[in-house]
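**Q** Please find one structure pasted underneath; my questions will follow.
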Amino acid sequence: METIANILNDECIGKEIQIHGWVYRVRSSAKLCFIIVRDHSDVIQTVGKIEDLTEEQFKILSSLTIESSLEITGIISKDERAITGYEMKIISFKIFQRNDNFPITKDQGEEFLLDNRHLWIRSREFNAILKIRSTIFKAFSEFFFNSGYYEVHPPMMVSSATEGGSTLFKVPFFGDTAFLTQSSQFYLETFIFSLEKVFTVSPSFRAEKSRTWRHLTEYWHAEGEVAWIGNDQMMDIEEALIKHIIRQVIKENTHELNILKRDISVLEKSLEPFHRMTYSELIKKAQNLGLNLKFGDDLGADEERAIMVHFDKPVFVTSFPEELKTFYHRPDPENPGFILCHDLLAPEGYGEIIGGGERIWSLDELKGRIQKAGLKEEDYYWYLDLRRYGSIPHSGFGLGLDRLCLWLMKQENIKEVIAFPRTIRRLRP
Ligand code: 4AD
């Protein structure tokens with residue numbers, strides 16, 4: 001049994017080969033019947049000719065419906081008119097299941113396709129999206145394994161917030177309340193005292209009421225934490241990471257990027273050095289662009305889109321005012337009121353894909369920030385312990401992998417790059 005992608009070459013011409021897959025399209029006339037078959041790897045045009053088959057066989061083939069499953073044995077020839085340049089003449093076949101009505105036909109609405117996502121993921125476009133997504137996830141882990149990091153596995157059910165209480169999901173927990181994790185950052189911070197350089201790829205949950213093109217309630221979060229380094233070094237690592245992922249996607253998925261009509265030369269721009277600017281500089285830039293933003297404003301999806309359509313490669317934004325970020329970020333000793341952190345904004349209007357920075361490592365400073373944020377010290381006793389026993393400077397980051405997929409594949413909505421999106425209005429399929 002061969003994959004379709006493997007038989008689309010001149011070496012297979014004239015050979016008898018067996019494939020299996022699903023009917024992608026059918027077209028028949030009195031004497032010929034064209035069945036385009038797909039498998040995970042590609043599609044090929046197969047042709048049943050009345051003179052090569054029994055009447056019964058020809059009838060079965062010409063009445064096949066899309067998504068029926070089958071096995072075909074046939075001879076390969078070159079044919080420029082065929083969808084992928086080669087054709088298979090059918091000698092024999094076996095039908096596993098003939099469908100009556102596959103629910104997805106042409107021109108169906110967005111909600112219908114979301115309700116039928118379990119079937120829609122078979123489409124050629126979604127197959128390409130899933131393959132690119134797989135490369136992105138692989139490249140992320142590969143980058144860190146190649147750099148001497150350890151993968152760690154923090155819990156998803158937790159007892160306290162990292163990113164503020166308003167977006168916490170509550171879960172009953174044997175008479176108590178647990179929360180679904182918003183970020184594994186605090187646990188990664190515990191691991192560095194044993195392993196120094198760690199990463200994890202796991203789901204994070206945000207009970208955000210936001211219904212934007214870039215928010216999921218369950219998303220895939222790739223986080224790293226590194227001992228002994230500061231904000232600038234953290235950004236250097238992230239820049240190398242993003243470039244590695246882009247290179248791998250271009251190398252492994254040119255075919256899929258073409259299916260999605262993604263312009264690879266635009267992606268290649270992001271292999272050049274990223275821009276770096278402070279929050280204050282970004283606000284000035286936004287004002288110069290005529291946007292109604294002032295110092296102190298938090299940037300949401302719309303504001304970032306309006307700014308980032310003007311950039312063709314990523315921008316690191318640093319030195320945010322203290323009030324805009326969560327309590328664990330380290331205030332800049334040389335720049336009071338500002339913190340040593342960064343966001344990485346993706347170009348072409350996509351905006352934030354990474355949040356990261358240096359963590360507070362002094363016990364008193366952290367206690368002060370916890371108090372100021374109105375949080376209870378006892379909820380963070382173990383996080384505070386890290387500042388009691390051998391505390392060290394360290395930095396980390398969280399990358400929204402679905403958002404990275406969204407940008408790299410240039411899709412319009414984050415729901416298009418995850419098979420089974422969870423949003424404020426969607427829990428099925
Ligand atoms: O900026 P955030 O909230 O930062 C943290 O959670 C840090 N504790 C991470 C860390 O330092 N370890 O989230 C990080 C990234 C964002 O930049 C964004 O890409 C993604 O997570 N993200 C979301 N992606 C999809 N849907 C949502 N609702 C998201 N919220 C955040």
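What follows draws every value from the coordinates through simple rules; no lab data is involved. These figures come from a predicted structure and were not determined experimentally. Every residue, glycine as well, gets a Cβ built from its backbone with ideal geometry; the counts of neighbours run over all protein chains shown.
**Q** Using a Förster distance of 45 Å, how high is the FRET efficiency between residue 166 and residue 94, based on the Cβ-Cβ distance and rounded to 0.05?
**A** The value I calculate is 0.20.
**Q** In the chain, what % of DSSP beta bridges are antiparallel (nearest 5)?
**A** Rounded to the nearest five, the antiparallel share is 90 percent.
**Q** DSSP beta bridges in segment 92-217, what fraction antiparallel, as a percent rounded to 5?
**A** Around 80 percent of the beta bridges assigned by DSSP in segment 92-217 are antiparallel ones.
**Q** Let me ask you something else. Can you work out the Karplus-derived ³J(HN,Hα) for every residue in segment 284-290? Use 6.51 cos²θ - 1.76 cosθ + 1.60 with θ = phi - 60°, whole Hz, and x for glycine or proline.
**A** Along segment 284-290, the couplings run 4, 4, 4, 5, 4, 7, x Hz.
**Q** Could you give the length gained by full extension between residue 134 and residue 312, i.e. 0.36 nm per residue of separation minus their alpha carbon distance, to one decimal place?
**A** 61.6 nm
**Q** Picking from 404, 316, 423, whose Cα lies most toward the positive end of the charge dipole for segment 312-429 (charges on Cβ: Lys, Arg +1; Asp, Glu -1)?
**A** Going by the charge dipole, the pick is 423.
**Q** Give me the dipole magnitude in Debye, nearest 20, for the chain about the Cα centre, with unit charges on the beta carbon: positive for Lys and Arg, negative for Asp and Glu.
**A** 940
**Q** Using only Cα atoms, tell me the angle between helix 185-195 and the longest principal axis of the chain; keep it within 0 to 90° and round to the nearest 10.
**A** The two axes meet at around 80 degrees.
**Q** State whether segment 196-323 is rounded, prolate or oblate according to the following rule on the C-alpha gyration tensor (a ≥ b ≥ c being the square roots of its eigenvalues): a/c under 1.5 gives rounded; otherwise a/b larger than b/c gives prolate, and the remaining case gives oblate.
**A** Because its axes are fairly even, with a/c under 1.5, segment 196-323 counts as rounded.
**Q** Only Lys, Arg, Asp and Glu count, each charged at its Cβ (+1, +1, -1, -1), so figure out the dipole size of segment 23-107 about its Cα centre, rounded to 20 debye.
**A** Around 140 debye, computed over segment 23-107.
**Q** Where does each of 68, 265 land when they are ranked from fewest to most other beta-carbon atoms within 10 angstrom?
**A** 265, 68
**Q** Hey, which aspartates and glutamates would be in cross-link range of residue 59, C-alpha to C-alpha under 14 Å, not counting anything within fewer than 8 residues on its own chain?
**A** Straight-distance partners of residue 59: 51.
**Q** Taking the Cα centre of each part, how many Å lie between segment 335-365 and segment 237-272?
**A** 25
**Q** Among the listed pairs 209/415; 209/313; 285/313; 197/415, which are separated by more than 20 Å between their Cα atoms?
**A** Pairs exceeding 20 Å: 209/313; 197/415.
**Q** Would you mind computing, in nm to one decimal, how far apart the modelled labels at residue 145 and residue 388 are, each placed 7 Å from Cα along Cα→Cβ?
**A** 3.8
**Q** Gain in length, residue 59 to residue 281, computed as 0.36 nm per residue apart minus the alpha-carbon separation, to one decimal in nm?
**A** Result: 72.9 nm gained on full extension.
**Q** A follow-up question, please. Aspartates and glutamates within cross-link reach of residue 49: Cα-Cα under 18 Å, excluding same-chain residues under 8 positions apart?
**A** Cα-Cα hits under 18 Å: 16, 71, 79, 87.
**Q** Which one, 306, 291, 339, is farthest towards the positive end of the dipole of segment 247-394 when Lys and Arg carry +1 and Asp and Glu -1 on their Cβ?
**A** Selected residue: 339.
**Q** Also: Let me know the charge dipole size of segment 97-207 about its Cα centre in debye, to the nearest 20, where only the beta-carbon of Lys, Arg (+1) and Asp, Glu (-1) is charged.
**A** 360
**Q** Here's another thing I want to ask about it. Could you give P(r) for segment 126-199, binned at 5 Å from zero, as whole percent values over all Cα-Cα pairs?
**A** Reading the bins upward from 0: 3, 14, 17, 15, 16, 15, 13, 6, 1.
**Q** Compute the Cα gyration tensor for the chain, then decide on rounded, prolate or oblate, letting a ≥ b ≥ c be the square roots of its eigenvalues: rounded whenever a/c is under 1.5, prolate when a/b is larger than b/c in the other cases, and oblate in all that remain.
**A** Note, shape of the chain comes out prolate.
**Q** So what's the angle, to the nearest 10 degrees on a 0 to 90 scale, between helix 363-372 and the longest Cα principal axis of the chain?
**A** Here the helix axis deviates by roughly 80 degrees.
**Q** How long are the semi-axes of the equivalent ellipsoid of segment 122-268, defined as square roots of 5 times the Cα gyration tensor eigenvalues? Whole Å, largest first.
**A** Equivalent ellipsoid semi-axes, largest first: 30, 22, 13 Å.
**Q** For 180, 267, what's the fewest-to-most ordering of other Cβ within 10 Å of each Cβ?
**A** In increasing order of surrounding Cβ atoms, one gets 180, 267.
**Q** Pull out a ≥ b ≥ c, the square roots of the eigenvalues of the alpha-carbon gyration tensor of segment 1-142, then state rounded if a/c is under 1.5, prolate if not and a/b is larger than b/c, and oblate in the remaining case.
**A** Oblate.
**Q** By count of other Cβ within 10 Å, fewest leading, how are 208, 412 ordered?
**A** 412, 208
**Q** Longest span of the chain, sites excluded, free of chymotrypsin sites (Phe, Trp or Tyr not before Pro) in DSSP loop with at most 13 other C-beta atoms within 10 Å?
**A** 1-173
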